[in-house]
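Engineer: I have a structure here, written as structure tokens, and I will follow up with some questions on it.
The values are calculated or read from the model by the stated rules, or taken from the named source; none is laboratory data. Note that the structure is predicted; figures quoted are calculated from it, not measured. Every residue, glycine as well, gets a Cβ built from its backbone with ideal geometry; the counts of neighbours run over all protein chains shown. For the accessible areas, the whole protein counts, side chains as well, though only heavy atoms, and no ligand, DNA or RNA atoms are used. Shrake-Rupley method; radii C 1.70, N 1.55, O 1.52, S 1.80 Å.
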Amino acid sequence: MKTTDNIKDKVKVVRKLRPFIITKELILIFLALIPYALAVNQLLVPHNIVGGGLTGLCEIIFFSTGRVIPIWTSTLIINSILLIIAIYTVGWHFCIRTIYGVAVLTFWLKMIPIADEPMISDPFMAVVVSGLLCGLGLGIVFLNNGSSGGTDIVAMIVNKYHHIPLGWVLFFCDIVIISSAYFLPNVHSIEKVMLGLVFTFMCTTALDWVMRQIRQSVQFFIFSQKYEEIANAINTQIPRGVTLLDGKGWYSKKPIKVLTVLAKKNESNRIFRLVHEIDPNAFVSQSETIGVFGQGFEPIGK
């Protein structure tokens, strides 16, 4: 009965916090797309370098029309068409956050002007920095359950009907878009096509790094005579689940209780602090985990 009451209390807390969590996510998505738009308008376009994704396609439209059709305009139009298709194929659940992400990205692409002179004069350094900025921004967007639309929508639609991995669809779209830039009069350079590929590589690398750092998990083995007190503290104050194992010291031949805890990396200092406050003589082992899936962590099969 006590366990049921605890679960109900946790559900009530989650429901109360839900509006604040959603608001925080929307604000972070809004801010995270600033470096993305900055990288495109202040670094890539001034160097006539086409990146991947839908933004790269919109750059091609921008260059091929003599800079008549703004990038933000084609971004809005193409994304709107893709979203209409996605609503009927993928469903509203995926599209709601994507609509917001598309609106925010369009807003920043319009508000941040295209520079006459690039912020970084060296083209190679420009694609490296722009790739890092885009990867950082997209990482924060994805971690907050958002999407900037574009080829993400295409990948979701293709994946639903043909079960092709999303990564392969996105990679193919990037290669086609960047390679197509070679035929533009103001690009027409293998060097600039290669720079576009470097941008994509840097963006993907930065995106993966952000996702790993935030989602990284750790595992604890805690040996202490005050295991009950420590388990209760971790369970209520972090809060994280704790598993109690029966062990036996090989040297002392005495039974001992071992606590095992799986937690986010950014929670590790709080766990150490709790253990130290309760039992300064506790023995603690911490190790990084490759992946943790299930309740409280990443969904299984994601």
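Engineer: What number of residues in the range 241-276 are more than 23 Å from the chain's Cα centre (by Cα), in contact (Cβ under 8 Å) with a residue 12 or more places away in the chain and open to solvent by 30 Å² or more (accessible area, probe 1.4 Å)?
Structural biologist: 10
Residue-wise test of (1) farther than 30 Å from F142 by Cβ; (2) in a helix (DSSP H, G or I).
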| residue | (1), (2) |
| --- | --- |
| H188 | yes, no |
| M194 | no, yes |
| L197 | no, yes |
| R212 | no, yes |
| I230 | yes, yes |
| T243 | yes, no |
| V258 | yes, no |
| A263 | no, no |
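Engineer: Follow-up question, since we're still on this one. Out of (1) modelled with pLDDT of 90 or more; (2) open to solvent by 70 Å² or more (accessible area, probe 1.4 Å), what's the single condition that is false for I112?
Structural biologist: (2)
Engineer: Collect the residues in the range 118-133 that are over 14 Å from P46 (Cβ atoms), within 18 Å of the chain's Cα centre (by Cα) and open to solvent by less than 30 Å² (accessible area, probe 1.4 Å), keeping them in residue-number order.
Structural biologist: Result: G131, single match.
Engineer: Could you list, in sequence order, all residues of the range 33-70 that are touching a residue at least 40 places away in the same chain (Cβ under 8 Å), more than 24 Å from D122 (Cβ to Cβ) and buried (at least 23 other Cβ atoms within 10 Å of the Cβ)?
Structural biologist: L33, L54, L57
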